[in-house]
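As structure tokens, the structure follows; a few thoughts come after it.
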Ligand SMILES: [Zn+2]
Ligand SMILES: [Zn+2]
């Protein structure tokens, strides 16, 4: 049975003592969740040279691949890293300031023939993040955690689940949906195959249809605004 990426929701979790991490939660259709604590930075212990660009942390992507390779959900990890690479920018995050919130990426997956992904239950998100962070920090209760977990808006593109339309993707000239491909909607409301728009945005950070500027979102913007 084929499973595919259905959706992503982003949260900010305000815990100062775990400032160098993000959390990835992947919810599978079986009800199973995989939760991984990840380092969001390429921490070198010293300040970057002026003008150098950290780009996307390789260790972050390696961790994504490594974590989900073993699951029996073959191409999910590629879909996730494509999404992250084209939507987020990690530059200037080599050194994370103290009291930086944790970023929570909650990816939902579903079987190809299922219609939709469930709504997030914020309590279970808070609980999952808490149990992941609790390794070093055991002072927070679930009630406290709930007040510290805030949904944030989707970045440059959004995963559109179960999209059906008669138009063609202007980048490859093919229709929707191809069975194991997901569809992305840009902030300017244009639809493309996920792989087509991800590759395009890496080279040219603007919408192929309306030319609106679509740069990857700097992680700092999400964390500190
Ligand atoms: Zn396409
Ligand atoms: Zn557009």
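The values are calculated or read from the model by the stated rules, or taken from the named source; none is laboratory data. Here the structure is a predicted model, which is why all the values come from computation and not from measurement. We place every Cβ from the backbone using ideal geometry, glycine too, and count neighbours over all the protein chains shown.
What the table shows:
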| item | result |
| --- | --- |
| The range 20-46 - residue that is surrounded by 15 or more Cβ atoms within 10 Å (Cβ to Cβ) and at pLDDT below 65 and, of those, nearest to residue 80 (Cα to Cα) | 41 |
| Flag if residue 123 is modelled with pLDDT of 85 or more and within 16 Å of ligand 1 (Cβ to nearest atom) | no |
| Condition met for residue 158 (at pLDDT 80 or above and in a helix (DSSP H, G or I)) | no |
| Enumeration of residues in the range 203-225 that are within 16 Å of ligand 1 (Cβ to nearest atom) and surrounded by fewer than 16 Cβ atoms within 10 Å (Cβ to Cβ) | 203, 204, 209 |
| Check on residue 188, assigned to a loop (DSSP other than H, G, I, E, B) and either under 25 Å from residue 101 (Cα atoms) or within 16 Å of ligand 2 (Cβ to nearest atom) (or both) | yes |
| Tally of residues being touching a strand residue (DSSP E or B) at 6+ places or on another chain (Cβ under 9 Å) and away from ligand 2 (no atom under 16 Å from the Cβ) across the range 165-176 | 3 |
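So that you can scan it fast, the table gives a plain yes or no per residue for (1) surrounded by 15 or more Cβ atoms within 10 Å (Cβ to Cβ); (2) in a loop (DSSP other than H, G, I, E, B); (3) under 10 Å from the mean Cα position of the chain (by Cα); (4) modelled with pLDDT under 85:
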position	(1), (2), (3), (4)
96	yes, yes, no, yes
105	yes, no, yes, no
115	no, yes, no, yes
119	no, yes, no, yes
